[in-house]
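Structure, as structure tokens:
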Amino acid sequence: MEPRIVIALGGNALGKTPEEQKARIDQVSGALVGLIEKGYEIIVTHGNGPQVGMIQSAFTSGAASDTKVPQMPLAECTAMSEGYIGYHLQAGLLRELRRRGMPWEVATLVTQVEVDPNDDAFQNPTKPIGAFYTKEEADELKAKEPDAVFAPDAGRGYRRMVASPKPRHIVEIRSIKNLLDNEFVVIACGGGGVPVVRHGDGDFVGVDAVIDKDLAAERLAEEINADHLFILTAVDRVALNYGTPQEKQLSTMTVEDATRYCKEGHFAPGSMLPKVQAAIAFAQSAPGRKAVICSLEKAPQALDGSSGTVITGNASKTAMASSTLQYAGQS
Ligand code: ADP
Ligand code: MG
């Protein structure tokens, strides 16, 4: 069986408009299909911060001026963003596959991800989403929606804050596995997945929350028994003392190192920290698994270790350094 890689694309790296998104995806499709050519099976997931914010604010301002436009819950907005980004990824990947004469099909799966209704995150919403409001506007909205939470966001005004609960289980995991077994490139868990809670057997209901896409990618990688988790973002490598004169880029970290660096505060919460946490969780979930954090552009170089930061379980460090080269040779 081909080694499996889950690839998580950063939402911020996909641009702010449909044109930008198409262009960015065209730029990375070659590298992604290159991985299949090298003998890997790939599963693609992606962030959606800018995209879901755009969809939400379109509905919010539409509903304010036009009674035909309904209020759109966040879970539905996330599902829409999965379709919007998945559409461009399907088109870009399929074009590249056919250009190279490769027979694979590409499918996007609107994915529900189960969360625990008792997750502490629901008591403490930390994730800002959607439009900015003045204090007066926020108070007015709060009067209409007593359960909603509004808070200042980095001095730019007030925003709605939602919970960011941990992903527990991917509802559509069997569909994903079936597609993978039938030569489909699968795009799943976009934007961290649509957060749902279980009400009964097969009965899931969407909640007002956002799941961190790096943690959802990790869950996906474990549930499909992936060999590697690639987190592609805007920087080439994870750094210590990031953005200071003492900055030091890392090409490898053991789980032990990475855990210590997290405690020492090297990684910004909400951006690099969840990536490193996802990498640690995956690398220590089973022997031989490794995670890579690298830039979109240099993903192919990350395969042979000339770019990116590799995170490995302590015992498997040396064994893993050579495994990608072996896989490349097998194809
Ligand atoms: P994505 O959309 O890919 O999830 P984020 O903006 O959430 O991207 O996170 C990646 C960003 O994290 C980088 O572009 C960088 O600005 C920032 N960052 C914070 N701490 C570090 C660090 N220690 N090393 C590298 N990048 C860091
Ligand atoms: Mg991010």
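The values are calculated or read from the model by the stated rules, or taken from the named source; none is laboratory data. What you see is a predicted model, and the numbers here were worked out from it, not measured in a lab. Glycine gets a Cβ as well: all are built from the backbone with ideal geometry, and neighbour counts include every protein chain shown. The accessibility values were calculated without ligands, DNA or RNA, using every heavy atom of the protein model including side chains. Shrake-Rupley method; radii C 1.70, N 1.55, O 1.52, S 1.80 Å.
Couple of notes before you dig in:
- Here the dipole of the stretch 1-58 is about 140 debye; that uses its Cα centre as origin and unit charges on the Cβ of Lys and Arg (positive) and Asp and Glu (negative).
- Most mobile of Gly308, Gly192, Gly243 in a GNM of the chain (Cα contacts under 10 Å): Gly243
- Selected from Gly15, Ala138, Ser306, residue furthest toward positive end of dipole (the chain; charges at beta carbon): Ser306
- Computed from point charges on the beta carbon alone (+1 for Lys and Arg, -1 for Asp and Glu), the dipole magnitude for the chain about its Cα centre is near 700 Debye.
- Base-10 log of normalised Debye intensity for the chain (one unit scatterer per alpha-carbon) at q = 0.09, 0.12, 0.15 Å⁻¹: -0.48, -0.85, -1.29
- Within the accessible area of the chain, the carbon and sulfur atoms contribute 51%, probe 1.4 Å, all protein chains present.
- Here the extension length gained between Asn314 and Asp257 equals 19.6 nm, from 0.36 nm per residue of separation less the Cα-Cα distance.
- Listed residues Gly47, Gly157, Gly193, most fluctuating in the chain (Gaussian network, C-alpha, under 10 Å): Gly157
- Loop sites in the stretch 1-105: trypsin sites (Lys or Arg not before Pro), DSSP, at most 15 other Cβ within 10 Å: Lys16, Lys68, Arg100
- The chain, relative contact order in percent, only Cα pairs under 8 angstrom and at least six apart counted: 20
- Rough spin-label spacing in nm, given labels placed 7 Å along Cα→Cβ, for Gln27 and Asn124: 3.7
- Of the DSSP H helices in the chain, those whose Cα atoms cover at least 27 Å axially and whose Kyte score averages -0.5 or more: 18-37, 74-99
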